[in-house]
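The values are calculated or read from the model by the stated rules, or taken from the named source; none is laboratory data. For clarity, every value in this text was computed on a predicted model and none was experimentally measured. Every residue, glycine among them, receives a Cβ derived from its backbone with ideal geometry; neighbour counts consider all protein chains shown. Side chains are part of the model used for accessible areas, which takes the heavy atoms of the whole protein and leaves out ligands, DNA and RNA. Shrake-Rupley method; radii C 1.70, N 1.55, O 1.52, S 1.80 Å.
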Amino acid sequence: MAEKLVFNGENVGYGQRKFVHIDIAKLYDSTAMTLDFEVLRGAEDGPVLFVLGALHGDEINGVEIIRKLLALDNLKLLKGTLIAVPIVNAYGFNTKSRYLPDRRDLNRCFPGSSSGSLASRLAHVLQTEVIDKSTHGIDLHTGAINRTNLPQIRAVMNDENTFKMAKSFGASVALDEPLREGSLRHYCYENGITSILYEGGEALRFEKKAIAVGLNGVLRTMIALDMLPHDFQHEVGHDSEVLEGGYWVRAPKSGMLISEKRLGDRVDEGERLGFMTDSLNRETGEITAPHNGIIVGCTTTPLLNQGDAAYHIAKYS
Ligand SMILES: [Zn+2]
């Protein structure tokens, strides 16, 4: 007998595609806040994959990745189930904010609770309606405001299935990043759901490159999981290069950063990345790479105070 797959009380049968609309909690002026997503169930059983966008409300490249994914022809070739949630944090999306109105970070609220804070309640609905029904997941993020990230995967590489998924996504790089308490990745790991996080571009922007790599990565992952046929339309590309995590190189003094490097550049220890200066060339100072690696994140504003993040350099593993 066919296994039921029920969302908000409604069954999605084999070969069906349905929109799901769940009321979360109204704002204090009575504006309704909802969780809207689409479920596509193939004719045959297979993995159940969630793809999430805008869990941080101002990180919108994932919203466009999912919109484009859902507009593709031939998704009826799907085996298994795709649960596509373009806007997880509708509150933050509306206010162009990373956070919820209670100033909590949703990605520190898992597992959620039906009687907890607003963020915790949203986490609970997402968990029970989407995450707990899935075997695999991709969470789409971007850098912060004024910071951009090279398209990259973040995942725990000591788990074999996660490692495979991170490589098959085919972002230029994949960083080994430990799990943080309260994060969605941590919740998935604890509950046997294989998940990876994609980072690409900057908050509040639609960036063509980050969107293209992200969309292709979702397709490559679905093909690797046998959810789509191997000849499904996509860029073949290369597996992600796995790197150790890195850390941010910070401005040694306040001023304007005159950068000489770009995202994706490979740098050697001690190599000059740029220099800091004031507007009259009185106070200058070099900024150099503390170790060999690849620039996977950088500031998009040249105006930095001492200690502001300038370049994120990931180490080779
Ligand atoms: Zn994020």
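Residues whose amide H falls under 5 Å from that of N292, counting only those 5 or more places apart or on a different chain, are E269, with hydrogens built in the peptide plane.
In loop segments of region 54-159 as defined by DSSP, the trypsin sites (Lys or Arg not before Pro) with at most 13 further C-beta atoms inside 10 Å of their C-beta are K96, R103. Taking each DSSP H run with n ≥ 4 as -39500 (n - 2.57) and averaging over every residue of the chain yields -6000 deg cm²/dmol at 222 nm.
Under the membrane-span-like helix rule (DSSP H runs whose alpha carbons stretch at least 15 Å along the helix axis, mean Kyte-Doolittle hydropathy -0.5 or higher), the chain yields 118-129, 208-224.
Across region 133-141, computed HN-Hα scalar couplings (Karplus, 6.51 cos²θ - 1.76 cosθ + 1.60, θ = phi - 60°) run 8, 9, 9, 9, x, 10, 10, 9, 10 Hz from first to last residue, x flagging Gly and Pro. DSSP bridge analysis restricted to the chain gives an antiparallel fraction near 65%, rounded to the nearest 5. Take the chain with all the other protein chains still there, run a 1.4 Å probe, and you get 47 Å² of accessible area per residue.
Computed with a 1.4 Å probe on the full set of protein chains, the accessible area for E3 sits at about 130 Å².
Please work out whether region 244-316 counts as rounded, prolate or oblate from its C-alpha gyration tensor, where a ≥ b ≥ c are the square roots of the eigenvalues and a/c under 1.5 means rounded, while otherwise a/b larger than b/c means prolate and anything else oblate? In terms of gyration-tensor shape, prolate.
Between L150, L49, L273, find the one with the highest GNM mean-square fluctuation for the chain; connect C-alpha pairs within less than 10 Å. Looking only at L150, L49, L273, the biggest GNM fluctuation is shown by L273.
Sequentially through region 101-111, phi angles give Karplus couplings (6.51, -1.76, 1.60; θ = phi - 60°) of x, 8, 6, 8, 8, 4, 7, 10, 10, 9, x Hz, Gly and Pro residues having no value and appearing as x. Qualifying GluC sites (Glu not before Pro) in region 165-200, where qualification requires a DSSP coil assignment and no more than 11 other C-beta atoms within 10 Å, comprise E181.
Ordering T221, S168, A210 by the projection of their Cα atoms onto the charge dipole of region 6-239, which places +1 on the Cβ of Lys and Arg and -1 on the Cβ of Asp and Glu, puts A210 at the extreme positive end.
Distance between the pseudo-spin-label points of R17 and E283 (7 Å out from Cα toward the beta carbon): 5.8 nm. Taking amide H as placed 1.01 Å from N in the peptide plane, G246 has its amide H under 5 Å from the amide H of K315, each at least 5 places away in sequence or on another chain. Dimensions of the chain based on its C-alpha atoms, expressed as ranges along the principal axes with the largest first, amount to 75, 50, 33 Å.
One Cα centroid belongs to region 165-227, the other to region 254-317; the line between them spans 26 Å. Close amide H partners of A174, meaning residues 5 or more places away or on another chain with modelled amide H under 5 Å apart, are I153, E241, V242, L243. Here the Karplus curve 6.51 cos²θ - 1.76 cosθ + 1.60, taken at θ = phi - 60°, turns the phi angles of region 251-265 into couplings of 4, x, 8, 6, x, 9, 8, 9, 7, 10, 10, 10, 3, x, 5 Hz, with x standing for Gly and Pro.
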